[in-house]
Amino acid sequence: MRNILIISQNVVGNQTIQDILCDYSVTIHEHFNPTDLTTDTAMVIVDSSVLESSLELIKQCNSSHLKIPTFFLSTDTIDNIRLTVQDAGFSDFVQAPLQPSTTLSKLKTHINLAEMVRSFDTKVTVPDTHENDLLAAQDAAILCLAAVARVRDHSTGNHILRTQHYVKALAEHLRYHPDYAHELDNDETIEVFYKTASLHDIGKVGVPDAILQKPGKLDPDEYEVMKRHPIHGFNAIRTAEHLLTRELKGKAASFIKIAQQVTLSHHEKWDGSGYPQGLKNNEIPIVARLMAVADVYDAIISKRPYKKALEHCTASSIIQKGRGSFFDPNVVDAFLDLEDTFDKISYILEDYFPSKSDFSLHSCDELMF
């Protein structure tokens, strides 16, 4: 188990954060020598009580050979905390009173992103075993399917990566909510949500190029054709299931089920006005409810043929307005708790997997209607 390092002189705050991080190996220091950092440290959390004395440590964490995520832990109310975090070079922050679901979701998201970035930089290899080879082949096949759909509509893999991490962050947050705990009850389920999120738009391979690649707004008939892409995606996965020569059980059966849910239902809306089935409220599978928020957020902050990339605050405002009509209210609340993290995910992934354009939609109306 990799270690989370906490730099703090706040005894009460230390106990609180330790209770939340009970599943991690945690060490606490009042002061820490930056030269003693190693790659075994998964994250560094700096309490506001030692901010000034820890600036060199934060700088070292951000260095190219370590890339250790750093969190600012504020146990007091601080004005302009986002500016403080940005100026000091922190990855993100958590603020008292600490909410376990928000805190853990933020921490896990940044730890996962850092591990992905380090793997990308160093081309880390895993032990050469049959199981690892099989997992790598499965992951490659999933991303190939997702990439085919994105290539056909002139967009980029960045959207795939970002929405995967958005969905995972929301799932990590909501696993502690009583209405979701029965489905988001373990790491394996959340990992399946993460992997299947990349497949949400594979049905676009069934949309004619004249519509899919049209640079302007779709007319009503064209839009009706576009609205069939969730059905195309669902049918593709169902066909693959039927072509298998053995009955799926366990993890494989769960993966296929959730993949079908996210492809078919990610354009359903909480009030029943979505498509293709007009599902409402809890009729919509959880993974699709998460995907709906992730997809719309990413579409708003991405460049389109008809608009510039809009600011994070604009995306946040649009999602808030859709609370209880377009989106599951609890998912929107989770998004609002994590919106700084969403913003960070987009910036981190843009640095390593820069996007040129994203042609998924043809008008602003399609973001929400």
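Condition check ((1) open to solvent by 10 Å² or more (accessible area, probe 1.4 Å); (2) small (Gly, Ala, Ser); (3) at pLDDT below 65) across all residues:
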| position | (1), (2), (3) |
| --- | --- |
| GLN99 | yes, no, no |
| LEU145 | yes, no, no |
| GLY157 | yes, yes, yes |
| TYR166 | no, no, no |
| HIS177 | yes, no, no |
State all residues of the range 11-28 that are in contact (Cβ under 8 Å) with a residue 24 or more places away in the chain, under 17 Å from PRO69 (Cα atoms) and of a type outside the set (Gly, Ala, Ser); if no residue qualifies, say none. ILE17, LEU21, THR27
Failed condition for ALA42, given (1) over 19 Å from GLU172 (Cα atoms); (2) outside any loop (DSSP other than H, G, I, E, B); (3) small (Gly, Ala, Ser): (1)
Tell me which of these PRO215 doesn't satisfy, since it passes every other one: (1) part of a loop (DSSP other than H, G, I, E, B); (2) out of contact with any Asp or Glu (no Cβ under 8 Å at 6 or more places or on another chain); (3) at pLDDT 85 or above. (3)
Any idea which of SER8, SER54, SER91, SER48 is open to solvent by less than 60 Å² (accessible area, probe 1.4 Å), in contact (Cβ under 8 Å) with a residue 12 or more places away in the chain and within 30 Å of PRO178 (Cα to Cα)? SER91
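A quick yes/no check of all residues on (1) on the phi < 0 side of the Ramachandran plot; (2) in contact (Cβ under 8 Å) with a residue 40 or more places away in the chain; (3) of a type in the set (A, V, I, L, M, F, W, C):
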{"residue": "LYS195", "(1), (2), (3)": "yes, yes, no"}
{"residue": "HIS200", "(1), (2), (3)": "yes, yes, no"}
{"residue": "LYS204", "(1), (2), (3)": "yes, yes, no"}
{"residue": "LEU212", "(1), (2), (3)": "yes, yes, yes"}
{"residue": "ASP221", "(1), (2), (3)": "yes, no, no"}
{"residue": "HIS232", "(1), (2), (3)": "yes, no, no"}
With respect to VAL46, is the statement that it is farther than 25 Å from ASN112 by Cβ and not basic (Lys, Arg) true? no
Can you find a residue in the range 122-130 that is basic (Lys, Arg) and modelled with pLDDT of 75 or more? no
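Which ones in the range 257-284 are at positive phi and in a helix (DSSP H, G or I)?
Of everything in the range 257-284, just one residue is at positive phi and in a helix (DSSP H, G or I), namely ASN281.
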When residues of the range 63-78 are limited to those that are part of a loop (DSSP other than H, G, I, E, B) and within 23 Å of GLN15 (Cβ to Cβ), the one modelled with the lowest pLDDT: THR77
Name the single residue that is surrounded by the fewest Cβ atoms within 10 Å (Cβ to Cβ) among those in the range 63-88 being under 24 Å from THR16 (Cα atoms) and small (Gly, Ala, Ser). ALA88
Just to be sure before I move on: is ALA141 at pLDDT below 75, over 24 Å from THR341 (Cβ atoms) and in contact with a His (Cβ under 9 Å, 6 or more places away or on another chain) in the structure I sent? no
Checked GLN60, GLN18 against criteria (assigned to a helix (DSSP H, G or I), open to solvent by 40 Å² or more (accessible area, probe 1.4 Å) and touching a strand residue (DSSP E or B) at 6+ places or on another chain (Cβ under 7 Å)); the one match is GLN18
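The values are calculated or read from the model by the stated rules, or taken from the named source; none is laboratory data. Worth saying up front: this structure is predicted, and the values here are computed from it rather than measured. Neighbour counts are summed over all protein chains in view; Cβ atoms, including those assigned to glycine, are modelled from backbone coordinates with ideal geometry. Remember, those area values only see protein heavy atoms, side chains included, never the ligands or the DNA or RNA. Shrake-Rupley method; radii C 1.70, N 1.55, O 1.52, S 1.80 Å.
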